[in-house]
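Visitor: Just passing along the structure, written as structure tokens.
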Amino acid sequence: MAKRDRTLPRIAGARVSGALQAVSPAKAESAATVAIYSVKGGVGKTTIAANLAWCSAELSGRPTLLWDLDAAGGSGFLYGLEPHRSRAAGEVFAREGHAEKLIRRTTFDSLDVLPADESIRTLDATLTAMGKRKRLARLAETLGARYERIVLDCPPVMNELSAQVVRAADLIIVPLPPSPLSARALELVVREVADHAKRHPPILPVLSMLDMRRALHKAAREENPAWPAIPYANAVEQCAVQQRPVGAIAPQSPSAQRFIGLWRAIERKLGER
């Protein structure tokens, strides 16, 4: 059997200077799904997902859905939201039209959240039993009639759910804290995409929780200067404390500028579709 091509497209980050400013929407003919995914936990995935969703809604002015697929429910928490009722999030995949009943509005115009709950823990088994390999993609397509951007906060797994994520995504963001395990984590995501997606979505590695005072982090930045980077900073930590995105907490901060730089790169790439 011929060897499968695992060389997938990546996009470079954008450096931004000056104050936080609006992003011109990319010229896209349809809705797009952006997955924040890593096989490794504790990499800043939820923080990145929540902040990118805010950039989409507030800076690009796009109707945006932040869809939490992680049972920890971090995305909803970062916006001060809990699911309407427990053990309902998993039913979205089994019942047509159920997602609309669970979506919560945030305090920001054009930004809604579909929170997770403990039922997501069994989602892999549910999807496997259903036998519908593109169930998540079909749901995202349906929700795309209402939202121009869907941001998926994905759990750190390699199973049927992650396979469905890569089939549904138009772009995959991979948070990578500077560490010896980061290269392996990226390779595993690349392998997952190659194994499960006929249409390879672009992959964008992002250095997360970057602290340039640390030698290992500085070396990682020097090795990958084109990758976007999200710093380890008090403004980012305050997202969980204040339950608001960094752009709303500290719009002039370097952290906010890094998120807008990342979002600019995402919009440009989506505009190429």
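The values are calculated or read from the model by the stated rules, or taken from the named source; none is laboratory data. Because the structure is a prediction, the values reported are computed rather than measured. All Cβ positions, even for glycine, are placed from backbone atoms using ideal geometry, and neighbour counts span all protein chains on display. The area values use the complete protein model at the heavy-atom level, side chains included, leaving out ligands, DNA and RNA. Shrake-Rupley method; radii C 1.70, N 1.55, O 1.52, S 1.80 Å.
Visitor: Accessible area per residue of region 167-251 at 1.4 Å probe, in Å²?
Guide: 45
Visitor: With the other protein chains left in place, how much accessible area per residue, in square angstrom, belongs to region 44-134 at a 1.4 angstrom probe?
Guide: Per residue, region 44-134 has an accessible area of 42 Å².
Visitor: Where the only charges are on Cβ atoms (+1 Lys, Arg; -1 Asp, Glu), what is the dipole of region 41-156 about its Cα centre, to the nearest 20 debye?
Guide: Working: 16 positive and 15 negative charges, 78 e Å.
Magnitude of the dipole: close to 380 debye.
Visitor: What are the semi-axes of the equivalent ellipsoid of the chain, taken as the square roots of 5 times the eigenvalues of the Cα gyration tensor, listed largest first and rounded to whole Å?
Guide: Taking √(5λ) for each eigenvalue gives 26, 23, 18 Å, largest first.
Visitor: Then there is this: Would you be so kind as to identify which of ALA116, HIS98, TYR37 lies farthest towards the positive end of the dipole of the chain, taking Lys and Arg as +1 and Asp and Glu as -1 on Cβ and the Cα centre as origin?
Guide: It is TYR37, whose Cα lies furthest towards the positive end.
Visitor: Among PRO175, PRO225, ASN51, whose Cα lies farthest out toward the positive end of the dipole of the chain, if unit charges sit on the beta carbon of Lys, Arg (+1) and Asp, Glu (-1)?
Guide: Farthest along the dipole direction, towards plus: PRO225.
Visitor: Of all the accessible heavy-atom surface of region 31-83, with the other protein chains kept in place and a 1.4 Å probe, what percent is carbon and sulfur?
Guide: With neighbouring chains kept in place, the figure for region 31-83 is 51 percent.
Visitor: Among 157-164, 233-240, 54-61, what's the highest-first ranking by average C-beta atoms within 10 angstrom per residue?
Guide: Those peptides, ordered most packed to least, come out 54-61, 157-164, 233-240.
Visitor: Expressed as a whole percentage, what fraction of the accessible surface of region 228-273 belongs to carbon and sulfur atoms when a 1.4 Å probe is rolled over the protein heavy atoms?
Guide: The computed percentage sits at 50.
Visitor: Once you have the alpha carbon radius of gyration of region 64-223, what is it after dividing by 2.2 N^0.38 Å, with N set to its residue count?
Guide: 1.10
Visitor: Now, a different point. Across 10 Å bins from 0, what is the distribution of all Cα-Cα pair distances for region 163-245, in whole percents?
Guide: So the P(r) values, bin by bin, are 17, 39, 31, 13, 0.
Visitor: Where does the chain land at 222 nm, in deg cm²/dmol rounded to the nearest 500, when only DSSP H runs of n ≥ 4 count, each adding -39500 (n - 2.57), divided by all residues? Please report the intermediate quantities before stating the final value.
Guide: Values: 11 runs with 99 residues, N = 273.
Calculated mean residue ellipticity at 222 nm is -10000 deg cm²/dmol.
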